[in-house]
Structure formats: structure tokens, C-alpha cells
């Protein structure tokens, strides 16, 4: 009967081409608007590391007191050097890492080529295991390398292609900011979006993946420049030396701890409170301990990673889609009720109400499918205009893939079928006796 | 075949109750050709829709093919309509989007019949009404008489036990009406049970038995003066 209903549905659609075209266009425009905005929203709102987002925690410690809190009662979003190093040395979490943004110049292998700038992070060995960074060649450096302030580096496969033509470069040297580092690993393409681990620096939607990673301690030794955000709170400060700056209460080092269980997290928070209390006792902090421990999803929510224009445009387009569906309901109702006579005849000849439902829902599904196919074309065309609605970094993330195409079709068909419930219910209520008597 | 006992049908609104059928009794034997006559508004069509399980009734009992159909649910009624009853309507009630073949196919589809058997039955029914060559035509391309023949073919294709006809010639000219009537007689001769509602005394006279309805009740012609008045009026309308 499926094929029979489909055949009847298609035949019915051909009978009223104008009405059919109106319904198909309503569905197509509605679904396309929703899919275009959803294509952005799904990227910016997605969980970048769902399998362990509840185990990775951003650490915050209030190092400058309530008068500088913004928002109120919230500690700075990154740590200063003193606290970051202290927490690393305390090593109270199974894994922990700290990082800061770097942008060193890279000397190409060919002396005739100009140097390039590679962006990345000065960090610690646990960074790679905590954030599940995949490797093409080699492996991360070790904790011993951290302790030894080793001149080792991990580079991305993109940088590896530029420098070494994609060959296995493990063991070779790379010159970063005039210093030589031995390559210990080459990552596979790795660029989780949003870039949750560096939301502090506003890098959530930075278009290119990080290209280079070096040992934090070594970077500090060499005073490798920081390209990220530095927030010292209060009035502008002037530092006579890097050393002075390092030991002031300036937030510039995002700090993460891997805490597999809730008990671990609770225990770590107790440790943080104790650490802050100790700083208070030592006279460094003049306020009660104020610390935060937020997992990835909590951290992204706190940082409002999802751009408000993405959320608003999604709501608006869904509203538009609902209006399109309401119009479709009206058109389907008109179309179905014009066929009361046919329904009466079919019921008289043995069709059950369920069979009437099936026939008309199938017809609606055919409308939805046609709307979905047209909607796909409109979605593809509309993706070119995403840049008009969103920031370039965000707009660049929107892309068409199989899941978007399938979702477009499924949403179009399902929503049209749902929209057809009421018209179909009305159609199934046609009393054959009255209908036939009235003829 | 069809037995209604003390059957009633009441249409109720908030302020009024209208009896369409009242203490209605009829017994149609298998193989009979019964004409149901009566003036407009007497309850003929209501009787036919109840007989065809298109409408429920308010009181009494109704046995169809020895089955009490009083309390069947909608699905069961649909199944019986599909398998045991064939309908012929005054307005033909063909589906305009479907060609002749597809129109005749409709009840067979709901029976879940396989395609080869459907085709055999459809072509057999169309040959019987003389329209096999018009299988691919659409209703709008046929005359009224031909459309009614298609409707008869649709009713016959499912080999129903009971054929219910509501003014089958009401929309046809005399010549076409004669052809349709001859076809019904032929179908009856082949063993079908036919109940035909008609205003036309001439058509009624060609049935084996006439049942007369006035004010929702079956009446005896000889004893009920209301019939004579109504009958005369109906005959006058037909002649006019």
C-alpha cells in the first residue's frame, strides 16, 4: 500500500501545481533558513570533546581581590605565573596543564625562503593526553622534558608539510624565534571547535589550528613572547623587566586539570581553597579564598562561547519555519477538504480511517520531500551568504556535509508530516454517509 | 441476507429529535432484487446508508449475512463494506483523478489483493459492463451512462454478496437508464442480492419485490393511505 499511497500522493500534487508549488516553496524556504542558521549554531554550540568534557576543569583563583572582579565575585579567568607554577608543582590532579599563546617566527629549511609566523602554545606534556591530541608521527614530550626545560617541540602536520614536505620530521630540528628545538612529534589535523581550552584568549573560533607547541618552562626561560590576553586588573601598569611582570598578579595562563570523578573534582576544589587560604595567611591575598572549577561545558557556558547572533538567528529562522508550516497546514487543509467526496467514496468502498490517514500523510510526506530537495538547493545557495549574518571567523566554520543534507531532508519530511496531522485528522473525520448523501 | 428488526435512527440536536427511521423492519433474502420506494425525505437513503454500514443506527438490530453488525467498530464495518457490499450511487462517485481501471481497482486495493488478481477482476468487471476498451479513460471522458457502468463494474469487481444502489438511474437519460437497469437485472440473474432505492415506479416495477417507506417506516401499500398520496406525487414528478 506504501507504493499505492505514494502514487496517489504524487498524482494529487500534480493535479494542483500552483497549490503544490506554494506548499513546496513554503517548506523549502523555511527549512533552508533553519538549516543555514543551524549549520552555524551546531558548530559554535557543539561539545568539542563530549567523551571527557565532564572530566576536564578550568581552574580559577582570585589573585587580586573583589574590587577588580568582573563580573562581581568571579575570579580572573586565567592564572598568574606564580599561581600557575605553584599548582603545577603541587600536582594534585592526575593530569594538569597550563598554556599561553605564542607566535614565534619559524625559519624555513630552505635558507632562500622567508621566515613564517607559526601560532601555537607554550604548554606542558599533559596537554596532549588531556585534550586527546592525535599524532601523525612521534609522540608528545614527557613530564621529564617539562622538568628539564627541554628544547623540544611538537608541530602540526600542516606546518610539517610546509617545512618538511610532510615527511616524518621527528628528530629533526626546527628554529623558532631564533632558538632551535628538536621535533618529538607531529600532530594529525586537530582543531576542536570551539577551542575551549583557550577561550580565555578569545580563540574559540580562530580559523587555523595551532601549529607549534613548546615546553612552557623552556618558553619562560627564553622569554618567548606571549601573543594572547594579559589582564593585570586595575589601572595600567608599567614593568621594568619581564621578571617583574612574571611575578605580578596578571592573568595570562589558562590552567586545566583532568579530574575523572566528581570526588576528584571535589577533592581538587578543597585543595584550591586551601591553597588560596594559605596565600591569605601568607599575606599575599587580602580576601577570603575565591576559587572556581568549571568543566568544559560549564566553562563554555560561562564564557558565553555561543555568539548571541547565532542563537537569535536560529530562533528567528525557526520562527519563520513555523510560520511556513502554519501556512502549509492551511494549504493542506484546503487541499484535503476539497477532496471530501473522494474520501467519502474511499471510506464507502472499504478504506478504514487509518488508511485515509496513511494516504494523506504520505501525500504530505511527498510535499515535504519536494520541499526538502528544494530546501537543500536553497541551503547550499544560502551558505554563501552566511558571512552577512555572522563574524567572519564564525561564518567560516559553517559548512555543508552529509549530516546537514540528511537533516535538511528529514526535517522537511517530518515537520510536514507533523503539520499534516490536523488536516489529515479532519479528512479522516469525513462521514461517508453525509458526503454521499450530499452528492 | 439483510434483516433489520425494530430499527430506529434518530438525529438529535439540542432542541429537537428527528426520527429518520422508526420501528423499521425489513428482511431481504439472498438472491432477491428489492426496490425501495417512497417520497423524498421518507428515509430511503438513510435506510440504504445504514444497510451499507456507512452510518450507525440508534436502536433495534441489524443482521447482515447472519452477522449482527449492531456493535461493530469502524474497522470491522470498513472490512465488511469492502468484502460484502457493493455500492452504486446516483452521482456515480467516481474519483476524477483516477482512470477507469484505477477507479475499479479502489476496493480491491483495500482488500490487499495481489496485482495479477486485481487486474483479472478489474478487466472481468469492465468486460461485463462493456467498457474494457475504456480502461485508460478518465471519468470526464465518459458519458453519464458509461460512468455509471464503471461504478457498477467497481461494485462488481469485489464480488460482493449485496449490491446497494441509490437511484442508480437518477442522473441518466431514458436510454442510458434502460441500459443500466438491464445490466442490474443481468447481475441479479447471475445470483446477486440487490437492494435499489428509487423514485421511479417504472424501475421499481422491474424488481422482484417492492418495499415502501413513508415517514421512516415500511408500510403496507394496500392499507396505508399515505402511500397513495405520496406515490401519486412521485409518479407525477417522474412523468413531468
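Would you say residue A:9 is within 14 Å of another protein chain (Cβ to nearest Cβ) and either over 23 Å from residue A:393 (Cα atoms) or modelled with pLDDT of 85 or more (or both)? So residue A:9 passes the test. Yes or no: residue B:31 surrounded by fewer than 20 Cβ atoms within 10 Å (Cβ to Cβ) and modelled with pLDDT of 90 or more? Yes, satisfied.
Residue-wise test of (1) within 27 Å of residue A:425 (Cα to Cα); (2) in a helix (DSSP H, G or I).
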| position | (1), (2) |
| --- | --- |
| A:351 | yes, no |
| A:355 | yes, yes |
| A:363 | yes, yes |
| A:366 | yes, yes |
| A:373 | yes, yes |
| A:377 | no, yes |
| A:387 | no, yes |
| A:390 | no, no |
| A:394 | no, yes |
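Just so you know, in segment B:70-110 the residues that are in a loop (DSSP other than H, G, I, E, B) and facing chain A (nearest Cβ under 7 Å) include one that is farthest from residue B:196 (Cα to Cα), and it is B:97. Return yes or no: is residue A:223 surrounded by fewer than 17 Cβ atoms within 10 Å (Cβ to Cβ) and assigned to a loop (DSSP other than H, G, I, E, B)? Yes, satisfied. Kindly establish whether residue B:116 is more than 20 Å from residue A:347 (Cβ to Cβ) and surrounded by fewer than 16 Cβ atoms within 10 Å (Cβ to Cβ). So residue B:116 fits the description; yes. Selection within segment B:122-138: residues that are within 14 Å of another protein chain (Cβ to nearest Cβ) and crowded, with 20+ Cβ neighbours inside 10 Å. The member of this set that is modelled with the lowest pLDDT is B:125. For the criterion of being crowded, with 18+ Cβ neighbours inside 10 Å and within 14 Å of chain B (Cβ to nearest Cβ), residue A:354 fails. Scanning segment B:21-56 for residues being away from chain A (no Cβ under 11 Å) and either touching a helix residue (DSSP H, G or I) at 6+ places or on another chain (Cβ under 6 Å) or not in a helix (DSSP H, G or I) (or both) gives a total of 23.
Considering only residues in segment A:107-130 that are touching a helix residue (DSSP H, G or I) at 6+ places or on another chain (Cβ under 8 Å) and surrounded by fewer than 21 Cβ atoms within 10 Å (Cβ to Cβ), the one that is nearest to residue A:227 (Cα to Cα) turns out to be A:116. Scanning segment A:53-63 for residues that are over 12 Å from residue A:197 (Cβ atoms) and assigned to a loop (DSSP other than H, G, I, E, B) turns up A:54, A:55, A:62, A:63.
The values are calculated or read from the model by the stated rules, or taken from the named source; none is laboratory data. A quick note: this is a predicted structure, and the numbers were derived from the prediction, not measured. Cβ atoms come from the backbone with ideal geometry, glycine included; neighbour counts cover every protein chain shown.
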